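Written below as structure tokens is the structure these notes are about.
Rule-based calculations on the coordinates, nothing more; no lab input. What you see is a predicted model; the values in this text were computed from it and never measured. Neighbour counts run over all protein chains shown; Cβ positions are idealised from the backbone, glycine included.
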Amino acid sequence: MQYEEAVSDYLWIKEHIKYYFPYWGDTTRTLAEMRGHCGMKAELLASSLKARGIETRYAGGKIPRSRAGPFYIIHFWVEAKVDGQWLTLDPTPDSGITDWLGDTKPGTHLETHEHITRWGEIPVKYKKLYNRLPVMLLRWIFNIKLAYHRKRRNHKNSLQSRQG
């Protein structure tokens, strides 16, 4: 029963909260805006699972530079204790970006080669750094890149549906 609840919440957040780089506030803001990056989506999922009585923790690692461009990106996901075992749940990629970012399913997370760490809560230092001006400029660039990718993907899908 816990497995089904955990996976149901994971799938809903993965698909309905669109991957984007807004200001990192709290879970209420993420839910209201229906968008967020990996840390925001992880916090929302952990909050939902905790409300169901499921124990959670956060995990994080560095996405390889080749996938993240010239910078490394800290990536966050959730681990939920289901039936006595930790289950990895990474709600980051919605279906609009899986061909660019990669995809996940219960038990997997986006590829991270470096330094995986676990916490009870995401450290505040990451939120503070993320919301600083230099990083805000990078977020703006990534959001343009995401919008371009989604538009190109939608156009390609539209052409394929007309031909098919």
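Which links in 62/156; 127/151; 62/105; 81/145; 105/128; 14/145 stretch past 27 Å when you go from one Cα to the other? Flagged as over cut-off: 62/156; 127/151; 81/145; 105/128. Highest GNM mean-square fluctuation among 142, 76, 21, for the chain modelled with Cα contacts below 10 Å: 142.
Mind jotting down a quarter of the surface of the convex hull over the alpha carbons of the stretch 11-164, in square nanometres, one decimal? Averaging across all directions leaves 10.2 nm² for the Cα convex hull.
The slack between residue 117 and residue 83, meaning 0.36 nm per residue of separation minus the straight C-alpha distance, is 10.0 nm.
Relative protection proxy for 5-14, 26-35, 132-141, 41-50, from highest mean packing down: 41-50, 5-14, 26-35, 132-141 (other beta-carbon atoms within 10 angstrom).
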